[in-house]
Amino acid sequence: METVFNYNIKLRLVEETDADFIILLRTDTSKSKFISPTDSDVNKQKEWIRKYKEREKSGDEYYFIAIDENEEKFATYRIYNKMNDSIEIGSFVSKPFYNIPINVIKVDVILKEFVFTSLGYDQLNFEVRKENKSVVSYHKKFHPYLEKEDDLNFYFVLAKENFLVNKTKFEKLF
């Protein structure tokens, strides 16, 4: 798979050498409260990446590192849980106090566009912690369907049509 590039942002596939960066993001106290727990052991993260690379080879999963126009790594995003008509996105974590916040939105738009246009899915699934109010608000701007909720999360389904209609309001900011 090639690197995905758009809006001056590059998404490249994760490598073992990214383990420290992933742990830095996922164990930061301001970010970790909104995601599943991550062990801070770098060797365990490298082992997880090795197993992930097998799933990547079979086209079942993709895990990206986002790199900005200054060549700074600033976020992760993952595609997984492939089904017949949909796929899930998640593990979207950005660097705390990153100085170009619009790039975080660009990454989300790029990844969703990749799922719909390059991978050919008509819908994608994602979950957001209810307490992560700004992210919930952002995602609702694409008009996803709320499939279900539990005490911790909202579970959304986003149709390709809704994404395509609503992405232009964000592209105007780019």
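A few remarks follow.
- Cross-link table 112/172; 10/130; 57/148, entries beyond 22 Å C-alpha to C-alpha: 10/130; 57/148
- Point-to-point label distance, residue 122-residue 36, nm (Cα→Cβ direction, 7 Å offset): 2.8 nm
- Of all DSSP beta bridges in the stretch 4-171, antiparallel share, percent nearest 5: 90 percent
- For the chain, modelled as a GNM whose springs connect Cα atoms under 10 angstrom apart, the maximal fluctuation among 67, 79, 105 occurs at 105.
- Here the calculated FRET efficiency for residue 8 and residue 151, from their Cβ-Cβ distance with R0 = 30 Å, stands at 0.15, rounded to the nearest 0.05.
- All distinct Cα pairs of the stretch 79-174 go into the 1/r average, and the inverse of that average, the Kirkwood radius, is 13.9 Å.
- Nearest-0.05 FRET efficiency for residue 140 and residue 84, computed from C-beta distance (R0 25 Å): 0.40
We did not get these values from a lab; they are worked out from the coordinates using the rules stated. The structure displayed is predicted, hence computed values, not measured ones. For neighbour counting, all protein chains shown are included, and Cβ atoms are generated from backbone atoms with ideal geometry for every residue, glycine included.
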